[in-house]
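Trainee: The structure is given below, and queries will be raised subsequently.
The values are calculated or read from the model by the stated rules, or taken from the named source; none is laboratory data. The structure presented is a predicted model; accordingly, all values stated were derived computationally and were not measured. Neighbour counts run over all protein chains shown; Cβ positions are idealised from the backbone, glycine included.
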Amino acid sequence: MIIERATPDDLDILLTFRQEAASWLNALGTDQWQRPYPADRLLRSIEAGVVFMVRDGSTTAATITLTPEAEDGLWSDRELHEESRFVNKLTVARTHGGQDLGGRLLDWAGDQAYRSGAKWLRLDAWTTNKPLQDYYLRHGFEHVRTVTEGGAVNGGPRVSGWLAQRPAMPSMAHGLIHQVQSSARLGDP
């Protein structure tokens with residue numbers, strides 16, 4: 001499998017991934033991702049060069065967003081002064097579920113964070129999705145805190161405020177062929 005930057009041509013695939021994941025999560029009993037993700041916001045992320053696609057031959061197997069910017073209101077000023085990379089929208093196609101592709105992508109992201117000089121790989125997860133939180137804990141993340149206020153529309157409760165981090169570290173064990181061009185935004189070598 002290879003990993004490469006998403007292009008605007010991937011927008012429909014990414015939106016379909018999101019819908020597929022929302023349906024699967026709903027069947028598992030969680031309300032995560034039940035609101036449609038704005039296509040224009042996703043396109044801006046693609047154009048910023050922070051969205052990556054995992055290709056398995058001609059099939060898109062997964063996606064991950066890795067950015068140097070944190071979502072507003074989650075991390076403290078002290079934490080924001082520590083060089084970090086932030087994982088968002090990690091999604092694995094159901095055709096590739098059960099292969100720990102998500103774990104391998106987290107290792108890839110940790111390696112990218114390390115190569116960029118970051119100290120931490122950080123993420124926020126759905127506050128009510130305990131199985132997802134447990135998944136991240138099993139993959140070496142430590143829970144930092146849960147932020148529940150000030151994130152949703154009109155300042156309502158935050159739905160994705162379970163914060164976790166693990167040290168950025170080199171990894172070649174992710175089994176993904178890196179076909180990502182250098183980017184000053186991420187500090188890739």
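Trainee: List every residue pair whose Cβ atoms lie under 9 Å apart, where the two residues are 6 or more positions apart in sequence or sit on different chains, the first residue falls within the stretch 55-66 and is without any contact (Cβ under 8 Å) to a residue 24 or more places away in the chain, and the second residue, located anywhere, is outside any strand (DSSP E or B).
Mentor: Once the first residue is without any contact (Cβ under 8 Å) to a residue 24 or more places away in the chain and sits in the stretch 55-66, its partners that are outside any strand (DSSP E or B) give G57/M1.
Trainee: R85 - would you say it is closer than 20 Å to M169 by Cα, in a strand (DSSP E or B), touching a residue at least 12 places away in the same chain (Cβ under 8 Å) and of a type in the set (K, R)?
Mentor: On the way: closer than 20 Å to M169 by Cα: yes; in a strand (DSSP E or B): yes; touching a residue at least 12 places away in the same chain (Cβ under 8 Å): yes; of a type in the set (K, R): yes.
Criteria met by R85.
Trainee: Please indicate, with yes or no, whether at least one residue in the stretch 86-96 is surrounded by 21 or more Cβ atoms within 10 Å (Cβ to Cβ) and farther than 16 Å from F52 by Cα.
Mentor: no
Trainee: Hey, P8 hits all of (1) modelled with pLDDT of 90 or more; (2) surrounded by 14 or more Cβ atoms within 10 Å (Cβ to Cβ) but one; which does it fall short on?
Mentor: (2)
Trainee: Looking at the stretch 39-82, which of its residues are part of a helix (DSSP H, G or I), farther than 20 Å from V147 by Cα and not small (G, A, S)? Reasoning before the result, please.
Mentor: Step one: filter the stretch 39-82 for residues part of a helix (DSSP H, G or I), giving 39-47, 77-80.
Subset that is farther than 20 Å from V147 by Cα: 39-47.
Residues satisfying the conditions are D40, R41, L42, L43, R44, I46, E47.
Trainee: Looking at (1) crowded, with 17+ Cβ neighbours inside 10 Å; (2) out of contact with any Asp or Glu (no Cβ under 8 Å at 6 or more places or on another chain); (3) under 19 Å from E79 (Cα atoms), find the lone condition where L105 falls short.
Mentor: The failed condition is (3).
Trainee: For H143, indicate whether it is more than 13 Å from L163 (Cα to Cα) and modelled with pLDDT of 95 or more. Walk me through it before giving the result.
Mentor: Working: more than 13 Å from L163 (Cα to Cα): no; modelled with pLDDT of 95 or more: yes.
It is false that H143 is more than 13 Å from L163 (Cα to Cα) and modelled with pLDDT of 95 or more.
Trainee: Out of the stretch 101-138, which residues are in contact with a Pro (Cβ under 9 Å, 6 or more places away or on another chain) and of a type in the set (V, I, T)?
Mentor: T127
Trainee: Looking only at the stretch 22-37, decide whether some residue is modelled with pLDDT of 90 or more, under 25 Å from A164 (Cα atoms) and in contact with a Ser or Thr (Cβ under 8 Å, 6 or more places away or on another chain). It would help to see each step written out before you state the result.
Mentor: As a first pass, look at the stretch 22-37 and keep what is modelled with pLDDT of 90 or more: none.
No, the stretch 22-37 contains no residue that is modelled with pLDDT of 90 or more, under 25 Å from A164 (Cα atoms) and in contact with a Ser or Thr (Cβ under 8 Å, 6 or more places away or on another chain).
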